[in-house]
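Please treat every number below as a calculation from the coordinates, not as lab data. For clarity, every value in this text was computed on a predicted model and none was experimentally measured. Positions of Cβ are backbone-derived with ideal geometry, glycine not excepted, and every protein chain shown enters the neighbour counts.
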Amino acid sequence: MIPPKPSARADKVSLWRYLKLFRQDILSAQPAKLYRAWMAEFRTPFFRSYLVNDPKLLRVILNERPMDFPKSDRIGEGLRPLLGNSVFLTNGEIWQKQRRIIDPAFEGGRLRDTFPAMLAAGQAASARLSEGAQDIEPEASHTAADVIFRTLFSIPIEHETATQVFDQFRDYQRTQPILNLAAFIPIPRWFPRFHRARTKQTARAIRALITDLTAGRMAEINAGTAPDDLATKIMTTRDPVTGDGFSTEEMVDQVAIFFLAGHETSASALAWALYLLATHPQAQEKVAQEAKTFMQDPQFTRLSTLKFTRDVFREALRLYPPVPMMVRQTRCPEQMRDRTAPKGAQVVLSPWHLHRHTRLWDNPDGFDPGRYATETGRKSLREAYMPFSTGARVCTGAAFAMVEGPLLLATLLADWHISPVDGKTPTPVAHLTVRAKEGIHLSLTKRQ
Ligand code: HEM
C-alpha cells in the first residue's frame, strides 16, 4: 500500500492560478516534474525563484556558504508579532550569538537530563487514550506540547498557563501558517492575505503568557530556586564570545519559537508515523515488540534498542517532512546550475520533493523502514534527506526530536494496537506543518 500523496497540478498554469492554488496548499500547488528535476526556475516579471533538488547545490547553500543565502525578511512578515527577534528569524551576527547561547542546552548530555520529562509525557499520553475510532492529530499535538512544557519549564500541559498557551496557539495557527506565502513569492500588496488583526491579537496574548513564565523563571534563578531544565540552562548560559546572556524579553522570543517549532513539528511527525504503522501491521508488530522490551526498563542509555522504531520515525519524516519547504534569498548574483540567479532571488529548498525524488530514492513513495539498513538507503539518507535542514542553520531541536519521536512511539505502541478507519484515508496538506486535510483517524484497542 502506497501512503497517501497529494495530487500535483498541471505543468503550466497562469501566475494568478498558481497564487490561488498556493494559498490553499503549497504541496498540491506544485507540478509533478519537481519530483524528478534537479532544479526548477520560476520566472515572472516581478521575481525569480529557484527550487533546488541537486544535492551538490544544496550543500553549497546550506553547508558551505549559508551566510550568502540568508533567510528572507519576508519570512518574518506574519510571524514577527509572535516570534519577535527569535533565532528562527534572525540572520548574521545576532543569529550567531543566539545559537551560541541556545545550542549547549540541546547537546547530548542535556538530552539525557530531559529524558525523564519526555518519558513522563509519553506515559501520560498513553494513559489518556481510550479505545475506539478517533482523530489522533489533536492527541499528538497535546502530547508534543506536553513534552515541550515539561522539558522547558518543568510543568505539565495541565498547568494553567501551559493550557492557555496551547489553546491560543491552536487559534494562532488557523490564521498564520509558518510557511508564509510572502516568503515564497513576493506577492503584490493588494493580494488578499490572512486575517492580520486577529493574528496580532492572538500573538500578543501568547506573548503575555510566555512573559509570565519567563519572568517567573528569571526570579527563581535569581533566588537560587530554579529547577534544572532547558529554560534554566538557556537563561543562565553566557555567550562565550561577548559574555552576554538573554534578557527576559529576548528569552520570550526564543520560548515562542521553541514552542512553535518544537511542538507542531513533532506532533505532525508522530501522527503520520502512527498512521504508517496502522496501515503496515507487520511493521507495527515489530515496533510493539521493541517497545514492550524497552518499556520494561525505560532508560536513556537503552534508547539504542529501539532501532527499528527509530527507522520507522525516520521514514515518517521522509514521507511527511513536517517542514515541507524552506526559503532562502541570494545575497548577490549566484550561479545556480546552468542559470544565473540575480541578487534577491528566492531559493526554495524542499524536503518534500527531495525526499520523494525519483532519481535519489528507490521506491520513493513507498513506506520501507528497512531501507536504512541497506547501502543504497544509507546513500540516499546522506544525499537526499533533510527533515531538520542541515548545516549551520540545522534545527536546534533535531537530536531532541530524534529521542522524542521513537520514545513516544514506544510508550504508545507498548500499550495500544492501532488500525486505520475505513473510508478515512488522510490527504496531506501543508498548514503550519504537514497535516491531514480532515485529520488522521485511527482505531485503538488496548494490547494485552
Ligand atoms: C520532528 C520535529 C522537528 C522537525 C521536523 C523540525 C524541523 C526544522 C527545520 C526544517 C528547521 C529549519 C527551518 C529553516 O531553515 O527555514 C528547523 C529550525 C528550528 N527548529 Fe526544528 N524541527 C523539529 C523539532 C524541533 C524542536 C523539538 C525544537 C526545540 C525544542 C526545534 C527548534 C527549532 C529552532 C529554534 C529552529 C531555528 C534554527 C535556526 O534558524 O537557527 N525544532 N526545524
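Treat the count of other C-beta atoms within 10 Å as a stand-in for reagent exposure and order Trp416, Trp16, Trp272 from fewest to most. Please report the intermediate quantities before stating the final value.
On the way: Trp416 18, Trp16 9, Trp272 29.
Neighbour counts put them in this order, fewest first: Trp16, Trp416, Trp272.
Is the shape of the range 197-249 rounded, prolate or oblate, going by the alpha carbon gyration tensor and its root eigenvalues a ≥ b ≥ c, with a/c under 1.5 for rounded and a/b larger than b/c for prolate?
On the way: a/c = 3.12, a/b = 1.68, b/c = 1.86.
Cα axes put the range 197-249 in the oblate bin.
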My understanding is that a pair violates if its Cα-Cα distance is over 22 Å; which of Lys56/Lys307; Lys5/Lys71; Lys20/Lys437; Lys56/Lys379; Lys307/Lys437; Lys71/Lys379 do that in this structure? Lys56/Lys307; Lys5/Lys71; Lys307/Lys437; Lys71/Lys379
Please say if the range 1-71 is rounded, prolate or oblate, where rounded means a/c under 1.5 for a ≥ b ≥ c the square roots of the C-alpha gyration tensor eigenvalues, and otherwise the choice is prolate for a/b larger than b/c and oblate otherwise? oblate
When the charge dipole of the chain is computed with +1 at the Cβ of Lys and Arg and -1 at the Cβ of Asp and Glu, the Cα pointing farthest to the positive end, of Phe169, Trp361, Gln284, is that of Trp361
What does the charge dipole of the range 1-75 about its Cα centre add up to, to the nearest 20 debye, if the Cβ of each Lys and Arg holds +1 and the Cβ of each Asp and Glu holds -1? 240
In Å and whole numbers, how far do the C-alpha atoms of the range 278-351 stretch along each principal axis, longest first? 58, 29, 18
Cα centroid distance between the range 341-356 and the range 119-175, in Å? 33
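Express the C-alpha Rg of the chain as a ratio against the empirical globular expectation 2.2 N^0.38 Å, rounded to two decimals.
Working: Rg = 21.4 Å, N = 448, 2.2 N^0.38 = 22.4 Å.
Expressed relative to 2.2 N^0.38 Å, the Cα Rg reads 0.96.
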To one decimal place, what Kirkwood hydrodynamic radius in Å is obtained for the range 289-448 from all pairs of distinct Cα atoms? 18.1
The alpha-carbon pair-distance distribution computed for the range 1-150, with 5 angstrom bins and whole-percent values, is 2, 6, 9, 11, 13, 15, 16, 14, 9, 4, 1, 0
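Restricting things to Cα coordinates, could you compute the convex hull volume per residue of the range 194-352 in Å³?
Details: hull volume 37.5 nm³, N = 159.
In the range 194-352, the Cα convex hull volume per residue is 236 Å³.
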Would you list, by chain and number, the aspartates and glutamates whose Cα falls below 19 Å from the Cα of Lys97, excluding same-chain residues fewer than 8 positions away? Asp68, Asp73, Glu107, Asp239, Asp244, Glu249, Glu250, Asp253
Charges at C-beta only: +1 for Lys and Arg, -1 for Asp and Glu. How large is the resulting dipole of the chain about its Cα centre, in Debye rounded to 20? 1860
Among Gly92, Gly423, Gly370: highest mean-square fluctuation, GNM of the chain, C-alpha pairs under 10 Å: Gly423
Take each uninterrupted DSSP H stretch in the chain, measure its Cα extent along the helix axis, and return the ones at 20 Å or beyond whose mean Kyte-Doolittle hydropathy is at least -0.5. 108-128, 137-153, 196-223, 248-278, 398-415
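Report the far tail of the P(r) of the range 34-89, meaning the percent of Cα-Cα pairs longer than 16 Å. It would help to have the intermediate numbers written out before the result.
On the way: 936 of 1540 pairs.
Across the range 34-89, Cα pairs with separations above 16 Å total 61 percent.
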If each residue's Cβ is checked for other Cβ atoms within 10 Å, how do Asp54, Asp167, Asp253 rank with the fewest at the top? Asp167, Asp54, Asp253
Using a Gaussian network model of the chain with C-alpha springs under 10 Å, which one of Asn85, Asn53, Asn363 is most mobile by mean-square fluctuation? Asn363
Taking the Cα atoms of the range 1-41 alone, what are Rg (to one decimal) and Dmax (as a whole number) in Å? 11.1, 36
Semi-axis lengths, Å, the range 382-422, gyration tensor of Cα atoms, sqrt of 5 times eigenvalues: 29, 14, 8
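Can you list which of the trypsin sites (Lys or Arg not before Pro) found in the range 345-411 are DSSP loop residues with at most 11 other C-beta atoms within 10 Å? Mind showing how you got there, number by number?
Values: sites: Arg356, Arg359, Arg371, Arg378, Lys379, Arg382, Arg393; in loops: Arg356, Arg359.
Of the trypsin sites (Lys or Arg not before Pro), the ones in loops of the range 345-411 whose Cβ has at most 11 other Cβ atoms within 10 Å are Arg359.
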